[in-house]
């Protein structure tokens with residue numbers, strides 16, 4: 001996907017999804033780093049919404065699957081462990 005759509009950011013919430021023109025880096029500046037984690041260049045996840053981690057994927061409690069970059073996987077596992085969640 002390229003062009004205009006590459007400039008959009010989709011936000012999935014418990015409500016309907018939202019479309020934004022702001023990059024993820026803008027959201028990282030305002031989101032609580034103790035609650036949200038950038039697991040991939042394309043994804044930020046709410047740590048409290050993680051059901052489990054399987055290989056290089058995060059399974060959210062709503063069943064959605066999110067990719068984890070190899071570079072960030074170790075950090076995610078450490079944070080996940082601090083929160084007392086199971087892998």
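The values are calculated or read from the model by the stated rules, or taken from the named source; none is laboratory data. Since the model is a prediction, treat every value here as computed from it, not as a measurement. Neighbour counts are summed over all protein chains in view; Cβ atoms, including those assigned to glycine, are modelled from backbone coordinates with ideal geometry.
So which residues in segment 63-87 are under 13 Å from the mean Cα position of the chain (by Cα) and not in a helix (DSSP H, G or I)?
Scanning segment 63-87 gives 64, 65, 66, 67, 68, 69.
Can you give me the number of residues within segment 29-49 that are in a helix (DSSP H, G or I) and touching a strand residue (DSSP E or B) at 6+ places or on another chain (Cβ under 6 Å)? It would help to see each step written out before you state the result.
Of all residues in segment 29-49, those in a helix (DSSP H, G or I) come to 29-30, 47-49.
Okay, now just the ones that are also touching a strand residue (DSSP E or B) at 6+ places or on another chain (Cβ under 6 Å), so 47, 49.
So the count comes out to 2.
Kindly provide the set of residues from segment 56-87 that are modelled with pLDDT of 90 or more, surrounded by fewer than 11 Cβ atoms within 10 Å (Cβ to Cβ) and closer than 19 Å to residue 11 by Cα, ordered by number.
Answer for segment 56-87, where residues must be modelled with pLDDT of 90 or more, surrounded by fewer than 11 Cβ atoms within 10 Å (Cβ to Cβ) and closer than 19 Å to residue 11 by Cα: 63, 65.
Being surrounded by 13 or more Cβ atoms within 10 Å (Cβ to Cβ) and either in a loop (DSSP other than H, G, I, E, B) or under 11 Å from the mean Cα position of the chain (by Cα) (or both): is that true of residue 53 here?
Here the answer is no, as residue 53 does not meet what is asked.
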